[in-house]
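Colleague: Shown below is the structure under consideration.
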Amino acid sequence: MAVELRNVSKIYSNGAAKTVALDGVSLAVSPGEAVVLMGPSGSGKTTLLNIIATLDRPTSGEVRIMDIDVTKLSESQLERFRLKNIGYLFQSYNLVPYLTADQNVALPLMALGVKKELALLRARVLLELVGLEKAARLYPHQMSGGMQQRAAIARSLATNPPLLILDEPTSNIDLDNASLVLGLIYVINRLLKNTVFIATHDPDVARIATRVVYMRGGRAYETAEPPRRDFKVDMERAAAVYEKLKHLDELIGL
């Protein structure tokens, strides 16, 4: 399994008051799946994402990522594991304002020790993959919300992570950009064959899913069959860019 959760619970305490964010969630996800988590605010979607992303620890239960029990790793081990294996797209993009788009995307690679020149080269190819090849030298304030979102997606792919996690990827952008972002996520999942988790309120996002999991009251309920995947994307162009990435990855050692 790419990700396996066994009876995972998360309880937040505030004095005598307790809030059950997750209540015995079990889930097994194979490599290459695209899992969409849906449900109302407070249902446990983001808590579950953060636990899968190793940004938070469960109160009880076991979390295995690529057959590693991450609940037993130290904080320093988790930081290294996360950097190499998990790409996370935050709702607010979290781009560094004083860095250009290619510098933002290159940051995780340089944190891994990749030489700056190679890191920036891979960053520019990733920006090309998301349709921002002409925006590589722009700063976040010079980009629209949709462009910032795509730059953040490119950054989440910087280290070629096998696990990609996206929190409400269409919530802060207009309909046209939302459709573009969904198409990109679909292409990325198909080409890179990474495992994708998406938390969303937007039912349209479910179209890119191989599985849909509904969250309510901290519990997970899986649907019998995902919606039809009917995106119109330029897969030929994306595949050509992907070939550039594969060549670079051999040089970098990703």
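Colleague: As an exercise: evaluate LEU55 against (1) in a strand (DSSP E or B); (2) within 16 Å of ASN85 (Cβ to Cβ) and give the number of the one condition it does not meet.
Modeller: The single condition LEU55 does not satisfy is (1).
Colleague: Still on this structure: Would you mention how many residues in the stretch 211-235 are more than 9 Å from VAL36 (Cβ to Cβ) and modelled with pLDDT of 85 or more?
Modeller: Residues in the stretch 211-235 being more than 9 Å from VAL36 (Cβ to Cβ) and modelled with pLDDT of 85 or more: 8 in total.
Colleague: Need pairs with beta-carbon distance below 8 Å; first residue without any contact (Cβ under 8 Å) to a residue 60 or more places away in the chain and over 17 Å from LEU99 (Cβ atoms) and within the stretch 143-162, second of a type outside the set (Asp, Glu) and assigned to a helix (DSSP H, G or I); sequence gap 6+ or separate chains.
Modeller: From the stretch 143-162, the pairs are SER144/ASN177; GLY145/ASN177; GLY146/ASN177; GLY146/LEU180; GLY146/VAL181.
Colleague: Restricting the search to the stretch 56-114, which residues are small (Gly, Ala, Ser) and either touching a residue at least 60 places away in the same chain (Cβ under 8 Å) or surrounded by fewer than 16 Cβ atoms within 10 Å (Cβ to Cβ) (or both)?
Modeller: Of everything in the stretch 56-114, those that are small (Gly, Ala, Ser) and either touching a residue at least 60 places away in the same chain (Cβ under 8 Å) or surrounded by fewer than 16 Cβ atoms within 10 Å (Cβ to Cβ) (or both) turn out to be SER60, SER74, SER76, GLY87, SER92, ALA111, GLY113.
Colleague: Can you name the number of the only condition in (1) assigned to a strand (DSSP E or B); (2) surrounded by fewer than 22 Cβ atoms within 10 Å (Cβ to Cβ); (3) in contact with a helix residue (DSSP H, G or I) (Cβ under 7 Å, 6 or more places away or on another chain); (4) not polar (S, T, N, Q) that VAL36 fails?
Modeller: Against the list (1) assigned to a strand (DSSP E or B); (2) surrounded by fewer than 22 Cβ atoms within 10 Å (Cβ to Cβ); (3) in contact with a helix residue (DSSP H, G or I) (Cβ under 7 Å, 6 or more places away or on another chain); (4) not polar (S, T, N, Q), VAL36 comes up short only on (2).
Colleague: Just the residues that are crowded, with 19+ Cβ neighbours inside 10 Å, without any contact (Cβ under 8 Å) to a residue 60 or more places away in the chain and under 19 Å from PHE90 (Cα atoms), please, taken from the stretch 187-210.
Modeller: Within the stretch 187-210, just ILE188 meets the criteria.
Colleague: Which of the residues spanning the stretch 85-108 are among the aliphatic types (A, V, I, L, M) and within 16 Å of the chain's Cα centre (by Cα)?
Modeller: ILE86, LEU89, LEU95, VAL105
Colleague: Of all residues being part of a strand (DSSP E or B) and of a type in the set (Ser, Thr, Tyr) in the stretch 18-33, which is farthest from ASN7 (Cα to Cα)? Just the residue, please.
Modeller: The residue in question is THR19.
Colleague: Among (1) free of Cβ contacts under 8 Å to residues at least 40 places away in the same chain; (2) assigned to a loop (DSSP other than H, G, I, E, B); (3) more than 19 Å from ALA199 (Cα to Cα), which single condition is GLY42 missing?
Modeller: All conditions are met except number (3).
The values are calculated or read from the model by the stated rules, or taken from the named source; none is laboratory data. On a predicted model such as this, the values are computed, not experimentally measured, just so you know. Glycine gets a Cβ as well: all are built from the backbone with ideal geometry, and neighbour counts include every protein chain shown.
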